[in-house]
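Since the structure comes first, as structure tokens, the remarks are kept for the end.
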Amino acid sequence: MMMNIVRDRAEARWLPSRHRYALMRLIAFLILRNARPKPQPGLILVIDRDQSTLENLTTSIWATLTVMCYMSTAMHGWWKLAAIPVGWIVIQLPLYILGAAMMPLFGRSLEANNHRLNSVFYWSLMTIASAYFVTRSGINRWLAYVFFAVLTLNALAAVILFPLRRKVAELEARCVA
Amino acid sequence: MRWSRRFLARGVFWRQFLRWAVLNVPIWIEPAILVFWAFLFTLLWKSGRNAVMRNMKAVKPGSWALINFFRAYRVFCNFAWTIADNVRFREMRMIPDWEFVGIENFEALKEHAGGAVIVTAHMGSYDLGAHLFAETSPRRIVMVRAPEIDPQTRAFEEQQKGRGATPEALRIDFNTKAADLAFELLDAVRSGELVAIQGDRVTPGIATLPATLFGTKTRLPAGPFALAMAARVPIFPLFVVRNGRRRYRLVTGSPITVERRSRDRDADLGRGLEAWIAQVEPVIAESWYQWFHFEPIAEPPA
């Protein structure tokens with residue numbers, strides 16, 4: 001088995017290749033550039049773009065809370081609290097609708113890896129919902145602004161990272177060596 | 001009834017669902033979905049939840065039932081993460097980060113000439129640990145697993161076992177026919193292979209020894225100790241502890257020797273068992289939130 005791993009180096013947690021989104025990759029690059037070598041015998045870090053706990057937990061919590069807040073607009077008074085379980089269920093629905101029902105209808109196997117398709121579907125739905133809430137009043141309007149601000153920042157980070165890609169690769173190679 | 005069996009807690013539906021989820025849930029939304037299902041299982045799987053809560057009472061004497069309910073939820077969450085990591089490794093070859101504790105014991109195990117018995121506890125991802133060991137070491141390893149209780153789930157797991165991801169150096173045996181397996185394992189250890197067995201979980205039909213775990217009278221498997229005594233090989237306690245999201249710690253304890261010193265075989269085995277308990281108790285006490293023991297450890301009253 002081919003494993004892309006880094007041994008005994010704690011600072012390798014910040015390898016940009018261990019992050020998925022451009023914004024986090026840029027942050028990781030800046031941290032790694034200023035990091036001192038931290039030897040840690042017995043540590044094996046895997047180079048995989050979904051490896052970052054910080055990135056994944058932040059994105060997951062942010063997306064779930066946003067959906068819960070969006071759901072709360074349909075409720076009044078104390079019923080707004082019901083948005084917590086309802087939002088928690090609603091955020092899963094696209095997965096079951098697309099992954100378990102629609103994709104097999106279009107001939108895609110249930111055993112195929114559908115991460116990318118589902119992810120695009122999710123972010124598209126979030127963008128549509130946020131575009132709707134931007135036009136409304138209340139706290140959800142600000143959440144929708146935050147959503148678009150993060151999207152914009154991510155796009156900007158991608159633009160900044162593009163000319164830096166060689167430097168990023170060099171820094172990573174130095175850390176992995 | 002037969003059709004609905006698949007939806008019980010140990011039914012095959014959930015294994016199939018987990019596999020589908022691993023292939024479909026985008027990684028960034030996984031934490032939210034995982035904690036949701038773990039919560040549902042904590043609420044609905046009464047026998048599993050109660051067993052974990054009772055075990056928590058033994059690990060943390062004097063603890064409150066309400067607090068132990070939330071502790072049980074934490075155990076279920078960790079279990080969900082662990083089995084998801086296992087399936088992800090099997091289906092997508094995604095491996096987690098690793099940290100080694102007791103590396104000198106681990107190196108001793110890797111360099112030990114001849115066979116050895118590895119005793120693990122049902123915590124963290126021992127499946128993933130065995131795979132990693134087989135990938136990174138030239139040693140052949142035989143992993144003995146407790147069979148699934150549900151026949152459909154067992155068939156599904158056997159079928160999954162045969163999928164391409166299992167390295168050549170790793171053989172997985174299910175502990176279904178104890179007598180036949182004992183001879184096979186003895187053969188394997190004598191020919192220099194490593195045999196990994198769980199030392200904290202008793203399945204029907206296997207030989208047991210009386211023991212006291214966290215002050216509770218229980219029975220633990222005699223197999224690993226009898227095997228080490230018969231083959232005259234050391235036992236290496238090895239624990240794979242989940243440290244965080246896609247992060248595991250491999251803790252290797254100091255080797256245990258089980259020798260025949262008297263005419264009383266059970267007493268000699270008991271000494272080995274005591275040495276094992278002395279190593280496993282602190283690890284479980286520290287990482288109670290991932291001791292996946294869904295049956296009560298206390299012996300049922302006679």
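Here, each number is a calculation from the coordinates, and none is a lab measurement. Owing to the predicted nature of the structure, the values given are computational and were not obtained by experimental measurement. So basically every Cβ, Gly included, is an ideal-geometry build from the backbone, and we count neighbours across all protein chains shown.
Hey, which aspartates and glutamates would be in cross-link range of B:K57, C-alpha to C-alpha under 20 Å, not counting anything within fewer than 8 residues on its own chain?
Answer for B:K57, where 20 Å is the Cα cut-off: B:D200, B:E281, B:E286, B:E295, B:E299, listed by chain and number.
I'd like the mean, over residues of A:56-63, of how many other protein chain beta carbons sit within 10 Å of each residue's own Cβ. Could you put the intermediate results ahead of the total?
On the way: counts 8, 6, 2, 6, 10, 2, 1, 5.
Per residue, the number of nearby Cβ atoms from other chains is 5 on average.
Read phi for every residue in region B:86-101 and hand back ³J(HN,Hα) as whole Hz from Karplus 6.51 cos²θ - 1.76 cosθ + 1.60, θ = phi - 60°, with x for Gly and Pro.
Along region B:86-101, the couplings run 4, 5, 5, 5, 5, 8, 10, 6, 7, 10, x, 6, 10, 9, 9, 10 Hz.
Tell me what chain B gives for mean residue ellipticity at 222 nm when only DSSP H runs of n ≥ 4 count, each as -39,500 (n - 2.57), the sum divided by the residue total, rounded to 500 deg cm²/dmol. Walk me through the numbers before you get to the answer.
On the way: 10 runs with 145 residues, N = 302.
Estimated from H runs of four or more residues: -15500 deg cm²/dmol.
Given C-alpha coordinates of region A:56-156, what is the ratio Rg to Rh with the Kirkwood estimate of Rh?
The Rg/Rh ratio comes out at 1.01.
Under the rule that an exposed site lies in a DSSP loop and has at most 14 other Cβ atoms within 10 Å, name the longest stretch of chain B with no trypsin sites (Lys or Arg not before Pro) of that kind, not counting the sites themselves.
B:3-92
Through the Karplus equation 6.51 cos²θ - 1.76 cosθ + 1.60, θ set to phi - 60°, convert the phi angles of region B:21-28 into ³J(HN,Hα) values in whole Hz; use x for Gly and Pro.
Calculated HN-Hα couplings, in order: 5, 4, 7, 10, 7, x, 4, 6 Hz.
Long-range amide H contacts for B:R171: which residues qualify at under 5 Å (H placed 1.01 Å from N, peptide plane, sequence gap of 5 or more or a different chain)?
It is B:I141, B:V142, B:M143, by chain and number.
Against the empirical 2.2 N^0.38 Å scaling, what ratio does the C-alpha Rg of chain A come to? It would help to have the intermediate numbers written out before the result.
Working: Rg = 19.7 Å, N = 177, 2.2 N^0.38 = 15.7 Å.
So the Cα radius of gyration is 1.25 times the expected 2.2 N^0.38 Å.
Got a sec? How would A:E172, A:E111 order by Cβ neighbour count within 10 Å, fewest to most? Please report the intermediate quantities before stating the final value.
Values: A:E172 20, A:E111 10.
By the 10 Å Cβ count, ascending, the order reads A:E111, A:E172.
Could you tell me what fraction of 2.2 N^0.38 Å the Cα radius of gyration of region B:4-290 comes to, as a two-decimal ratio?
0.99
Using the scaling law 2.2 N^0.38 Å as the reference, what is the normalised Cα Rg of the protein assembly as shown?
1.07
Fewest Cβ neighbours within 10 Å first, please rank A:W62, A:W79, B:W14 accordingly.
A:W79, A:W62, B:W14
What percent do you get for the relative contact order of region A:1-134 when only Cα pairs under 8 Å and 6+ apart count?
Normalised by residue count, the contact order of region A:1-134 is 19 percent.
Please identify every one of the trypsin sites (Lys or Arg not before Pro) in region A:23-126 that sits in a loop by DSSP and has no more than 16 other beta carbons within 10 Å of its own beta carbon.
Answer in residue order: A:R49, A:R108.
Along each of its three principal axes, how wide is the spread of alpha-carbon positions in region A:1-106, in whole angstrom units, largest first?
54, 39, 25
Apply the Karplus curve 6.51 cos²θ - 1.76 cosθ + 1.60, θ = phi - 60°, to the phi angles in region B:3-10 and return the couplings in whole Hz, x for Gly and Pro.
After applying 6.51 cos²θ - 1.76 cosθ + 1.60, I find 5, 6, 3, 5, 9, 5, 3, 9 Hz.
Looking at the calculated P(r) for region B:50-103, what percent of the C-alpha pair distances fall above 18 Å?
52
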